[in-house]
Amino acid sequence: MGKTPEKEGYSIGEVADLLQVATSKLRHWEAMNLFSVEKQPNHYRCYDMADVVNIAEVLTYRELGFPISRIEEMRRADVADYEQLLRLSRAELHKKLEEYRSILKRMDRQRAAVRDLKKLDAGWPRAEAVPFERVVKFDYSDAVNIRRYIHEPALYVRYFDTRDLSTETRGIAADPAAPGQTLWAADTRPARPGWDTVAFPIREKPDRDYVTDLPDSLETLRARWHTGVLLAQYVFTAYENGERTDFYKGYLEVQPR
């Protein structure tokens, strides 16, 4: 039932229900001096209709995308400043939209990579070309590449010469002209008649000292092929059979025996 005009005051819970806002937000906004509320002798807040209108105005600005820190500025602005603040807020919203579009594109790429790896897991190996042009050496003290890794973890690639798995080296996919020590580059691979590339899944258990199924998978593949360079591209981490598991997609150079 709605409130009657004769009602003299509202509790914080009633205002929260009326305006569909959390009581914690009401207290926070009051602490930021967006409005002040009379307190009764028992120290409970008592909101009058003017308080409700003020809070509703705050909510209006929040729904327009204004940060709390700018709402009081909007409420005190003259006509010229008000329009300028609207223009500024609109530009910031467009910037956020572009950021969200970029995030959605990365999320779609991640979803596609996970679906592809699940499909590969159901039937491997699969003939497939390496999808990047170059891999450079990478360590976690490299500020430029650590930011690239954070932005898109699928750039992380581990290099192996499968004749000796101790050759494993951390790398990151990079443009041909990017700085860094090259571990692998598509345009510098020597001509190797009869060599192809196949893809297969790799699992690794980080909580069990990084035990991996790679040696067993290589043994299976060597029944058919000689093996060369392996590039293991990180895809995602998830729990499998109760164990945290890092999933990689391996791209392996092979030649028929």
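We did not get these values from a lab; they are worked out from the coordinates using the rules stated. Because the structure is predicted, anything quoted here is derived from the model rather than measured. Heads up, the Cβs are rebuilt from the backbone with ideal geometry, glycines too, and the neighbour counts pull from every protein chain shown.
Computed quantities for the displayed model
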{"quantity": "Helical mean residue ellipticity (222 nm; -39500 (n - 2.57) per DSSP H run of 4+; nearest 500) of the chain", "calculated": "-13000 deg cm²/dmol"}
{"quantity": "Theoretical gain in end-to-end length, A122 to R170 [0.36 nm per residue, Cα-Cα removed]", "calculated": "14.5 nm"}
{"quantity": "Percent breakdown of C-alpha pair distances by 5 Å bin, ordered from the shortest bin, for segment 191-234", "calculated": "5, 17, 28, 22, 14, 8, 3, 2, 0"}
{"quantity": "Summed residue charge, Cβ within 12 Å of D142's Cβ, Lys/Arg positive, Asp/Glu negative", "calculated": "+3"}
{"quantity": "Trypsin sites (Lys or Arg not before Pro) lying in DSSP loop within segment 6-37, provided at most 11 other Cβ fall within 10 Å", "calculated": "K7"}
{"quantity": "Additional length obtainable on full extension of the chain from D209 to C46, 0.36 nm per residue less Cα span", "calculated": "52.7 nm"}
{"quantity": "Cα-based Lys proximity count in segment 1-147, under 27 Å, for pairs eight or more positions apart or on separate chains", "calculated": "12"}
{"quantity": "Span from the segment 165-184 Cα centroid across to the segment 67-88 one, whole angstrom", "calculated": "50 Å"}
{"quantity": "Spin-label model distance (nm) - E92 vs I150, 7 Å beyond Cα toward Cβ", "calculated": "2.2 nm"}
{"quantity": "Acute angle (nearest 10 degrees) that the helix 79-122 long axis makes with the longest principal axis of the chain, alpha-carbon atoms", "calculated": "30 degrees"}
{"quantity": "Farthest positive-ward along the chain dipole, Cα basis, beta-carbon charges - from I12, L64, A238", "calculated": "A238"}
{"quantity": "Summed side-chain charge close to A174 - residues other than A174 whose Cβ falls under 9 Å, Lys, Arg +1, Asp, Glu -1", "calculated": "0"}
{"quantity": "Three-way shape call for segment 124-237 based on the alpha-carbon gyration tensor, with the a/c threshold at 1.5", "calculated": "oblate"}
{"quantity": "Y82 versus I12: modelled label distance in nm, points set 7 Å from Cα along the beta carbon direction", "calculated": "3.1 nm"}
{"quantity": "Net length gained if the chain between L104 and D161 were fully extended (0.36 nm per residue, minus Cα distance)", "calculated": "17.0 nm"}
